[in-house]
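The values are calculated or read from the model by the stated rules, or taken from the named source; none is laboratory data. This structure is a prediction, so every number in the text was calculated from the model and none was measured. Here the Cβ is made from the backbone with ideal geometry for all residues, glycine too, and neighbour counts use every protein chain on show. The area values use the complete protein model at the heavy-atom level, side chains included, leaving out ligands, DNA and RNA. Shrake-Rupley method; radii C 1.70, N 1.55, O 1.52, S 1.80 Å.
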Amino acid sequence: MTDTPQNTLLEVNHLTMRFGGLTALDDLSLAVPAGKVTSIIGPNGAGKTTFFNCLTGFYKPTVGDVVMHHPQHGKLILNQLATHRVARHAGVVRTFQNIRLFPSMTVLENLMVAQYNTLQHASRFSLAGLFGLAGYRDAKAEALAKATTWLERLGLLDRANVAAGNLSYGTQRRIEIARALCVDPLLLCLDEPAAGLNPRESAELNELLLYLSREHDKGILLIEHDMSVVMRVSDQICVLNFGHKIAEGTPMQIQHDPNVIKAYLGEEETEEASA
Amino acid sequence: DYSVGIAGPMTGEYASAGAQIRAGAEMAVADINAKGGVLGQKIKLEIGDDACDPKQAVSVANAMVNKHIVFMHGHWCSSSTIPASDIYNDAQIPMATVSTNPKVTERGLKNIFRIMGRDDQQGGVGGGFLAEHFGSKKIAVVDDKSAYGKGLADEMAKGMQAKGVKPVLRESITAGEKDYSGLITKLKAAGVEVVAYGGYHTEVALILRQAQQAGLKLTIMGGDTMSNNEIVTAAGGDNANNVLFTFAPDSRLEPAAADVVKRFRDKKVEPDGYVLYAYAAMQLFQQAAEKAKSVKYADLDKAIANGSFNTVVGTLSFDAKGDLKVPAFRVYQWKGGKYEYFK
Amino acid sequence: MGQFIQQLINGLTLGAVYGLIALGYTMVYGIIGMINFAHGDIYMVSAIISVTALTLMSAFGISSVPLVLALVLIIAIGFTSVYGWAVERTAYRPLRNASRLAPLISAIGMSIFLQNMVQVSQGARVKPVPTLIPGGLELFTHNGFSVHLAYTQIMICVVTVVLMVAFTGLITRTSFGRQQRACEQDRTMASLLGIDVDKTISYTFMLGAALAAVAGVMVTVYYGVVDFSIGFVAGIKAFTAAVLGGVGSLPGAMLGGVLIGLIESYWSAYLSPEYKDVATFAILILVLMFRPSGLLGRPEVEKV
Amino acid sequence: MSAAHSLPLADRLKDAVRIGIVALLLGIPMLGLTTADQGGGLQVLTRWPLLAQFVGVVFFGRLILQWLVSHFQLRKLQRQRVAAKTAVVQQRPWLKWLGRVALAFAIVLPMAFSGNRYVIDTATTVLIYVMLGWGLNVVVGLAGLLDLGYVAFYAVGAYSYGLLSTLFGWGFWETLPVAGGMAALFGVLLGWPTLRLRGDYLAIVTLGFGEIIRIILVNWTDFSGGPNGINSIPRPSFFGLEFKPPGDTPTFAAFFHLEYSADHRVTFLYYLILVLALLTNVFVSRLRRLPVGMAWEAVREDELACKALGINVTGVKLSAYAIGAMLGGFAGVFFAARQGFISPESFVFSESATILAIVVLGGRGSQLGVVFAALLLVVLPELGRDFSDYRMLLFGAAMVLIMVWRPGGLVARREPTIQIDTPAAQGATP
Amino acid sequence: MSMLKMSGVHAHYGAIHALRGVDLTVEKGEIVTLIGANGAGKSTLMMTLFGQPRASEGSIQFQDLDLLKTATHQIARKGIALVPEGRRIFQRMTVLENLQMGSTFADGAHYEEDLKRMYQMFPILEQRLNQRAGTLSGGEQQMLAIARALMSRPQLLLLDEPSLGLAPIYIRQVFRIIKELNEAWGMTILLVEQNAHHALRVAHRGYVLQHGAIVLAGSGKELLENPQVRAAYLESGAHAE
Ligand SMILES: Nc1ncnc2c1ncn2[C@@H]1O[C@H](COP(=O)(O)OP(=O)(O)OP(=O)(O)O)[C@@H](O)[C@H]1O
Ligand SMILES: Nc1ncnc2c1ncn2[C@@H]1O[C@H](COP(=O)(O)OP(=O)(O)OP(=O)(O)O)[C@@H](O)[C@H]1O
Ligand SMILES: CC(C)C[C@H](N)C(=O)O
Ligand SMILES: [Mg+2]
Ligand SMILES: [Mg+2]
């Protein structure tokens, strides 16, 4: 990789995860640069989601570590942090492959909950909030503004007051992305964000991802099977198979890597993607 | 019409006691009304269910006040009687009760009259009796952790110790459970032959049964609640014959009660336990009202406090606290399905 | 020593009774995924029914113990499972799609109802039956303490183990068991696969009630005294047993029951019987702190 | 099962016969047969006429019900719908209105029923339960933590006041915050070991916790008075004025030149709990709109998602326990002050069950629903006192029926905590 | 007679009117695909066939069976199987048990053979046979959901986004399987897909659903070439360039 260490946001060292006899991740090392989109692809069961789980504290890796280079807090070893600290302290926020919204809360509430830490702080652990002090009111207005901005950006504004669980699958996917954005992550980890979106909607997603990385300088880790997304937005792609890294490089390199074609893309796909 | 109230556990675990109170009071009211009522007025009976829960007892008491009752008999559980009596006192309603915990009359309330002895008295009698008759055997004191049971057991222990007999074991059980094998093993290991028990009869029956199964022969000394004839069949076989208990003199044996007893039996109600006490409470009210020629609190209360009344449970008269002047307690023994004075 | 062994026997028997009730509890849990507070009362109903049945037997002069036992079991199981069915039909089925708490509350209501129904219709007085199987073995005497093993104790333990094995097989090995589990996990999906969810749940309740019925008969025969209020404590103990062992696991229910039985019997024999329930709950809490899904419950690894 | 049009008579008869048979089977062991102690042993008694009546009632009842159902279903069929998975309602002005009416009624009640001690006292009980319901609602309704031992905190509050007042002479108002704090502490104590538990595991642990507290109160006689409880707990005074017959201390009646009446205290207690309850309501409603409140609900919905968003689930849960417990503690202090006598019998499991039932019947998370449910669950058994034996029977049946009638609770809908104007009122599809 | 005929079907979730008069037919032996934007009602339509939610108006006929009057589980036993949205596998059961669930009401005689067939189609499932299904990866779960539906040997197979979460190499495999099921086994298939390219290519006919109503119908080829359809559902950013 050509990234200088200063540019590296996240560093994965020899990560291994075993479940009983099954090795889901096998000695994975990887550097994720800031402000760029890094995609993780690989066949089903390759260990991609497991990688996210290790990264965000949901699983404790068997071997290895994940280091976050945080501009303010310095080096943080993510796999030693409690799950919620990964998001709160290290600024690494994820979405889930199986959507996990708060189904009976409205879309807007989902987005407000995401700003819990900021708001809780502003409410002085509820005291200021209880008495409706100005500091809290301002913070709340700000949070609301942020939520509406992202809703608008994702074309969801008209659904703001609907219970999240009552929406269709594709809509829920987009809400989950908006919710993650409301946490203001440094590194955004998206697990198959385009699943359930039609080609047109995926195209809109592309725009969003590029906008986030280019304009907001967010680091993005992307797991996706939709090549029209991956090839379009990635700065760098890492391919996993059986928990091993089998290739790494730019979209161009990956598309033509024979190992990747054999294990993942299949023969025809190359034609199609380059068409 | 005059309304009088009775209250007790009509539902819940001790519902059978509630049924006794109810049967007694209903018969008494019917009898009194048949003879023309009180001061020319009929009596109407109000029934309250407190399920032995103090909070419900308060609620029942308030409801009774609202129904403008002029006299109250209840509640059954001491823990219900205590908070409820505050309310009757506030509302100036005289009341009779069979609750035996000393605190019932120890709080300086003027409106409460206990037509039964106190736990410290019956415990003293029971404990003393044990010391005299079974002093050479190993005795354990057991209670069921209820206000009534624990108080009684403590008093029995005191009564024994006063006569120089020390219990070898002091244990508590949880009422409402079924398995007392732990207790029995413990008794057996300690070589206990006699148990002074504070609590209700259901547990005693189970303890006796299980002791028999475990090959342990026990004699149990209990309090007033053992007068319930459920214990005979519940204890199985002739186990109940090993149950001794203290209770007020058996009014069923008194000629004065013979007629009433017979009528209860005709109605297939065995007038044991608290049946006749409820009957007597109503008689107390009737006689006091007749004497005072009024059902106003001041008059009625004074009449009860100073009078002496002939009832189916004997002659009732009260001391300054409202306790019975002559709280005779006798020791009984179950014999072939009936209880009789210990011989 | 003698006392120790005696308490072991007592504790195992008590534990077997808890376990037996817990089996039905856990089975029903396995299908509706929630606490069936009325289970203890179903057990109480069956105990009352078996008292009536036993009394009938003696009225008819049937005296062969095995025959009496078999007939009483059949009668109790038969009638009690109808109760199980009816409870499910009235208090649970209408709440299929409600929040998880709704059936919990209707179950509490049902429990109050059953208890008072029995009180009103059968009377509040305790119901004793004569000892059906008297006697037992005198195992040995140690320091003047003779260790007793009653025949009923043997019977209870054997029956419990047999039922546990049989029902474990039913649930883990048969298609019916799979259907039950499917209904618990996703009722809509189960029906999309052709499973008649209502029927499966009804059958499970009837089986659960049948297990409670066996427990009711055993307890009636063992303790000889039952009344309308015995359901509550038994229900709580069984519930605790099921959770301690891991809800949904039948061997777990058994293990939990036996553990609680032993804790209770040793605690009350050597320490203070007043605090034996405190000990039980404290141990439960401790166990759950380290094994949040009970002793034999499969830990819920949630894949995200 | 299927969308039944009105059934032909034969089918309806068949159905009723089937139900009748079930009734017969249910009835035989309970109504048809009974055992009674006829001196020396049980005897079986038969009551066939009673059984026949029962089966008859069920049979014809079913027929009529069937007829009613199929009659009304015809119309319902046309708009047969499945309820949306989760209902969020934007605005329901009539609810607010209903709330106001309830409040107004609560305020004038003692005037309207002045002198009727029973009504005011029952209303006081209702309000205690309302307050308890609102407290438990934080834990169960909002945070989704099934708590079957809520009565423990109620007990902590009650005993705090009972002990502090009888031993150290503390007054009602001094004790209130201390007891609340104590209860909150116990809340955290209970919450801490149960953080990882879910569903029924949590339920039994909380139930056990409640029992542990009760058993300790029963057995630790030196501390708590054991089964005898604590007596002669002082009643709260009106800013130092006691509710007593005229005597040496300043009394309420004397100060206001009123004739002494026992009703003054009852009325005062009523208003006291009304104020406490209303404060609770304001407090909880505000909290619900604050970040903690939203976090409670989010934790209820999906704990893992909360963690992924950086929410400290432990803290959120503990705060719910602490606040719920604190409110229970306040209610406990009031209870002790009102009763003047407390004993462990008042803090049994069935109390927890009642409070939980109030929350669920009310509709989880609905403040107003709790009021109606408390009213129902307190007043129903009171009304039933005249039925004596059948009282609890009817109560149990009513609990089942209400739940079946309104599975989501009396006021089922959840009000969003925050809303914005959305472009164009939405139809069904995006 | 058509295999499946829906006419004028309406469905509601509470106040939400999700289907607004859908007319749709599927002939025996056809592959019919249904496309539409998020929230158009595709998944609702599939579930409505099973009565979850039950249609509030209109009629649904499966061969000679009136589905509106048939209980959900009866419908499933009549030879319709669904791969639902969100997979809905039984998380706490093993992979094998999930497959057995699928064959609960199938003819037992084919059980072993069917199982082999599934292992052939999705070899990974055989490797994971005794793993709890909830711990499978997303794509593995999707394959399991498909296999479970096939285990019942349905006459009519409903697939709600079967390619969701699958790697490209498997997506092609799934479409191959769809074709094979249709051609070699004569299975009738109703398919909902976001991957409209693929779907329309294998389908004989297609429908476009919008706001709960069918707005367009035609052969797969026609729809692929329809400019409106292309603009609304097919053109991705990459293709538009
Ligand atoms: N908790 C677990 N227990 C056992 N095995 C697991 C667990 N979690 C994951 N696995 C296994 O590890 C492997 C990797 O799973 P993972 O979810 O990371 O795959 P993935 O790359 O995300 O695949 P997909 O693209 O299908 O989502 C899978 O084979 C899965 O079955
Ligand atoms: N359980 C539910 N409760 C209430 N409304 C619902 C529910 N499920 C779906 N809806 C609504 O019904 C409409 C149709 O949803 P449906 O899931 O059928 O869409 P879809 O076409 O499958 O979309 P997608 O492509 O995103 O899966 C949407 O407006 C959605 O918000
Ligand atoms: C025996 C009964 C009258 C009740 C018991 N004596 C009590 O006071 O609680
Ligand atoms: Mg994955
Ligand atoms: Mg869909």
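Convex hull volume of the Cα atoms of the protein assembly as shown, normalised per residue: 192 Å³.
Taking the Cα atoms of region C:195-304, the ratio Rg/Rh between the radius of gyration and the Kirkwood radius comes to 1.04.
Within 10 Å of each Cβ in D:342-351, how many Cβ atoms from other chains are there, averaged over the peptide? Present the calculation step by step, with values, prior to reporting the outcome.
Numbers: counts 4, 9, 5, 12, 7, 1, 1, 2, 7, 2.
The mean count of partner-chain Cβ atoms within 10 Å per residue comes to 5.
At an R0 of 41 angstrom, the distance between the Cβ atoms of E:Lys179 and A:His216 translates into a FRET efficiency of 0.40. The relative contact order of chain D comes to 24 percent, based on Cα pairs under 8 Å that sit 6 or more residues apart. Pairs of Lys residues in chain E are counted when their Cα atoms are under 30 angstrom apart and they lie 8 or more places apart or on different chains; the count is 21.
Buried surface between chains C and D: roughly 5300 Å² of accessible area, summed over both sides, computed with a 1.4 Å probe on protein heavy atoms only. Each residue of region D:187-198 was assigned a 3J(HN,Hα) from its phi angle through the Karplus expression (A = 6.51, B = -1.76, C = 1.60, θ = phi - 60°), giving x, 5, 4, 6, x, 4, x, 9, 4, 8, 8, 10 Hz with x at Gly and Pro.
Between their Cα atoms, which of C:Lys276/D:Lys317; B:Lys145/B:Lys186; A:Lys146/A:Lys218; B:Lys110/B:Lys291; C:Lys199/C:Lys237 are more than 25 Å away from each other? Checking Cα-Cα distances, C:Lys276/D:Lys317; C:Lys199/C:Lys237 exceed 25 Å.
Each pair of Cα atoms in region D:233-337 enters the Kirkwood radius, and Stokes-Einstein at 20 °C and 1.002 mPa s then converts it into a translational diffusion coefficient of 128 µm²/s.
Our summary of shape: the Cα atoms of region C:1-99 have principal axis extents of 51, 45, 15 Å, ordered from largest down, in whole angstrom. Of all lysines in the structure, those lying under 22 Å Cα to Cα from A:Lys140, and not within fewer than 8 positions of it along the same chain, are D:Lys307.
Label-to-label distance for C:Phe60 and B:Lys163 is 5.2 nm, based on points extended 7 Å past Cα in the beta-carbon direction. For chain D, with all protein chains in place and a probe radius of 1.4 Å, 67% of the accessible heavy-atom surface sits on carbon or sulfur.
From the C-alpha gyration tensor of chain D, pull out the three semi-axes of the equivalent ellipsoid (sqrt of 5λ each), sorted largest to smallest, in whole Å. Please list the in-between numbers first.
On the way: eigenvalues 332, 209, 117 Å².
Square roots of five times the eigenvalues give 41, 32, 24 Å.
Based on the Cα atoms of region D:273-430, what semi-axes does the equivalent ellipsoid have, where each is the square root of 5 times one gyration tensor eigenvalue, given in whole Å with the largest first? Could you put the intermediate results ahead of the total?
Details: eigenvalues 218, 102, 45 Å².
Semi-axes from the Cα gyration tensor: 33, 23, 15 Å.
Dipole size of the protein assembly as shown about its Cα centre, with +1 on Lys/Arg Cβ and -1 on Asp/Glu Cβ: approximately 1880 debye, rounded to the nearest 20. Where does the charge balance sit around C:Leu170 when Lys and Arg score +1, Asp and Glu -1, over other residues with C-beta under 13 Å from its C-beta? Residues close to C:Leu170 contribute a combined charge of +3. When Lys and Arg each count +1 and Asp and Glu each count -1, what net charge do the other residues less than 14 Å away from B:Gly135, Cβ to Cβ, add up to? Around B:Gly135, the charge tally is +2.
When only C-alpha pairs under 8 Å and at least 6 residues apart count, what is the relative contact order of region E:160-241, in percent? Walk me through the intermediate numbers first.
Values: 65 pairs, mean separation 17.4, N = 82.
The normalised contact order for region E:160-241 reaches 21 percent.
Charges on Cβ only, +1 for Lys and Arg, -1 for Asp and Glu, centred on the Cα centroid of region E:113-193; of E:Gln155, E:Pro123, E:Gln141, which one is farthest towards the dipole's positive end? Positive-most Cα among the choices belongs to E:Pro123. Mean per-residue shielding of peptide D:15-23 is 1, counting Cβ atoms of other chains within 10 Å of each Cβ. Mean projected area of the Cα convex hull of chain E, taken over all directions, amounts to 13.2 nm². Our coupling estimate for region C:77-84, obtained by passing each phi through the Karplus curve with A = 6.51, B = -1.76, C = 1.60 and θ = phi - 60°, is 4, x, 5, 5, 5, 5, 4, x Hz, Gly and Pro reported as x.
Semi-axes of region D:201-288's equivalent ellipsoid from the Cα gyration tensor, sqrt of 5 times each eigenvalue, largest first, rounded to whole Å?
Each semi-axis is √(5λ); the values are 35, 23, 9 Å.
Looking at region A:150-275, the accessible area is 34 square angstrom per residue; that uses a 1.4 Å probe and ignores ligands, DNA and RNA.
Region D:389-414 and region D:282-300 have Cα centres spaced 27 Å apart.
Pair-distance distribution of region E:5-56: all C-alpha pairs, bin width 5 Å, starting at 0; shares per bin in whole percent are 5, 18, 31, 26, 14, 4, 1, 0.
What separates the Cα centres of region C:127-167 and region D:162-203 is a distance of 44 Å. Building the convex hull from the alpha-carbon atoms of region C:89-242 and averaging its projection over directions returns 12.4 nm².
Between their Cα atoms, which of B:Lys67/B:Lys296; B:Lys55/B:Lys325; B:Lys150/B:Lys188; B:Lys42/B:Lys296 are more than 20 Å away from each other? Distance filter (> 20 Å) returns B:Lys55/B:Lys325; B:Lys150/B:Lys188.
Summary of the geometry: region B:289-313 and region E:151-203, compared by the centres of their Cα atoms, lie 94 Å apart. The Rg/Rh ratio of chain C, with Rg taken over Cα atoms and Rh as the Kirkwood radius over Cα pairs, comes to 0.98. Look at the alpha carbon pairs under 8 Å that are at least 6 residues apart: their mean separation over the length of region B:129-198 gives a relative contact order of 50 percent. Per-residue packing, averaged as other Cβ atoms within 10 Å, sorts the ranges A:118-127, C:211-220 into the order C:211-220, A:118-127, beginning with the highest. Computed on the Cα atoms alone, the convex hull of chain B gives a volume of 117 cubic angstrom per residue. Taking the accessible area of region E:182-236, probe 1.4 Å, and keeping the other protein chains in place, the carbon and sulfur fraction comes to 52%. Shape descriptor for chain A: Rg over Rh equals 0.98 (Cα atoms; Rh from the Kirkwood inverse mean 1/r). Give the residue from B:His75, B:Val194, B:Ala175 lying farthest towards the positive end of the charge dipole for region B:71-224; charges sit on Cβ (+1 for Lys and Arg, -1 for Asp and Glu) and the dipole is referred to the Cα centre. Highest projection toward the positive end goes to B:Val194.
How shielded is D:144-152 by partner chains, expressed as the average number of their Cβ atoms within 10 Å of its Cβ atoms?
Values: counts 3, 0, 5, 0, 6, 1, 0, 0, 0.
What the average comes to for D:144-152 is 2.
Work out the FRET efficiency for A:Phe125 and E:Ala15 from their Cβ-Cβ distance, taking R0 = 60 Å, and round it to the nearest 0.05. Provide the component values of the computation, followed by the final result.
Values: r = 38 Å, r/R0 = 0.64.
The computed FRET efficiency comes out at 0.95.
Summary of packing: across the peptides C:7-17, D:124-134, the per-residue average of other C-beta atoms within 10 Å ranks them, highest first, as D:124-134, C:7-17. Straight-line cross-link reach from A:Lys245 at under 21 Å between alpha-carbon atoms covers these lysines, not counting any fewer than eight positions away in the same chain: A:Lys36, A:Lys48, A:Lys60, A:Lys262. Total buried accessible area between E and D, probe 1.4 Å, nearest 100: 1300 Å².
What is the ratio of the Cα radius of gyration of region A:84-216 to 2.2 N^0.38 Å, where N is its residue count, to two decimals?
Here the answer is 1.07, to two decimals.
Packing-based ranking of A:241-252, C:230-241, A:202-213 yields C:230-241, A:202-213, A:241-252, ordered from highest to lowest mean Cβ neighbour count within 10 Å. Taking 14 Å as the straight-line reach from the Cα of A:Lys75, the aspartates and glutamates in range (excluding those fewer than 8 positions away in the same chain) are A:Glu11, A:Asp65. Express the accessible area of chain E per residue in Å², computed with a 1.4 Å probe while the remaining protein chains stay in the model. Ligands and nucleic acids excluded, the result is 35 Å² per residue.
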